1. Working carefully through the options 135, 193, 146, find the one that is open to solvent by less than 10 Å² (accessible area, probe 1.4 Å) and either closer than 20 Å to residue 75 by Cβ or without any contact (Cβ under 8 Å) to a residue 60 or more places away in the chain (or both).
2. Right, residue 117: modelled with pLDDT under 90 and out of contact with any strand residue (DSSP E or B) (no Cβ under 7 Å at 6 or more places or on another chain) or not?
3. Is there any pair with a first residue in region 30-52 that is open to solvent by 60 Å² or more (accessible area, probe 1.4 Å) and a second that is outside any helix (DSSP H, G or I) whose Cβ atoms are under 6 Å apart and which are 6 or more apart or on different chains, and what are they?
4. Only residues that are in contact with a His (Cβ under 8 Å, 6 or more places away or on another chain), in a helix (DSSP H, G or I) and not small (Gly, Ala, Ser): list them for region 22-39, please.
5. Test residue 184 against the criterion of being over 18 Å from residue 122 (Cβ atoms), modelled with pLDDT of 95 or more and part of a helix (DSSP H, G or I), and give yes or no.
Amino acid sequence: AELHARGDLPATPAAQRAARDALARLPDDATVLEAAASLARRHGDRQATIARYEALAHLDPKRPGTLGHLTNALMHEGADRVALLARYELQFIDHPDDIVTRFVLGVLLHYDDQYARSNTVLRPLVGRRDGEDRLHVYMAMNDFNLDDRDSALARLERVAVGPRPDPDVFYCRAEIERDTHRTRAIADLRRYLASSSGNDASHAIKERRVRK
């Protein structure tokens with residue numbers, strides 16, 4: 001019951017056992033899965049984090065933020081991106097209609113500097129995963145890297161006015177405008193820090209870079 005009610009339990013051995021027990025009893029409960037995934041992330045159990053966020057993304061495709069958490073776990077510092085890309089390329093061949101596989105492959109292609117192909121893979125998700133700001137963040141940065149600055153900014157502007165924008169919306173808009181609209185870029189970086197610090201999906205290395 002406590003795991004179901006709270007996602008901020010300390011990552012103690014007892015809490016880990018409670019998470020495993022809850023998942024065994026309620027494997028299709030999205031709240032339990034989300035809490036258990038967050039617990040695994042804070043405990044440093046990357047494989048459990050990935051497995052639980054993947055399961056959650058398949059169980060509740062419209063749950064905001066889940067794919068962002070999943071890609072954060074996959075793309076941790078030191079991750080073998082070549083092996084990940086090969087794995088998801090094969091999964092995509094076998095399951096082209098799988099939303100999770102398509103999203104992760106699009107993200108991996110972005111980080112492999114295959115910006116045009118990344119957008120080709122991600123584009124069918126527009127209208128299906130519009131609640132996932134990270135979709136638009138990656139597509140915007142693909143556009144920017146393909147020298148289409150206007151399309152990149154327009155996409156970020158649309159999601160920036162949402163009820164709870166992903167902090168990376170402001171980080172990426174600042175990256176695009178740092179040499180042309182420095183005042184707004186600085187304001188966006190401050191907004192990024194304000195909304196990212198302490199966030200369950202925060203990126204500590206990126207935050208330290210911004211604070212410098």
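1. Details: 193 fails: open to solvent by less than 10 Å² (accessible area, probe 1.4 Å); 146 fails: open to solvent by less than 10 Å² (accessible area, probe 1.4 Å).
When all the criteria are applied, what remains is 135.
2. Details: modelled with pLDDT under 90: no; out of contact with any strand residue (DSSP E or B) (no Cβ under 7 Å at 6 or more places or on another chain): yes.
So residue 117 does not fit the description; no.
3. Matching pairs, first to second residue: 42/11; 43/11.
4. Once the filter is applied, which keeps residues that are in contact with a His (Cβ under 8 Å, 6 or more places away or on another chain), in a helix (DSSP H, G or I) and not small (Gly, Ala, Ser), region 22-39 yields 31, 32.
5. Values: over 18 Å from residue 122 (Cβ atoms): yes; modelled with pLDDT of 95 or more: no; part of a helix (DSSP H, G or I): yes.
Here the answer is no, as residue 184 does not meet what is asked.
A quick yes/no check of all residues on (1) in a loop (DSSP other than H, G, I, E, B); (2) within 30 Å of residue 12 (Cα to Cα); (3) in contact with a Lys or Arg (Cβ under 7 Å, 6 or more places away or on another chain):
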position: 41; (1), (2), (3): no, yes, no
position: 47; (1), (2), (3): no, yes, no
position: 52; (1), (2), (3): no, yes, no
position: 58; (1), (2), (3): no, yes, no
position: 67; (1), (2), (3): no, yes, yes
position: 89; (1), (2), (3): no, no, no
position: 96; (1), (2), (3): yes, no, no
position: 110; (1), (2), (3): no, no, no
position: 116; (1), (2), (3): no, no, no
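The values are calculated or read from the model by the stated rules, or taken from the named source; none is laboratory data. Here the structure is a predicted model, which is why all the values come from computation and not from measurement. Note that each Cβ is placed from the backbone with ideal geometry, even for glycine, and that neighbours are counted across all protein chains shown. Only protein heavy atoms, including side chains, enter the accessible area calculation; ligands, DNA and RNA are left aside. Shrake-Rupley method; radii C 1.70, N 1.55, O 1.52, S 1.80 Å.
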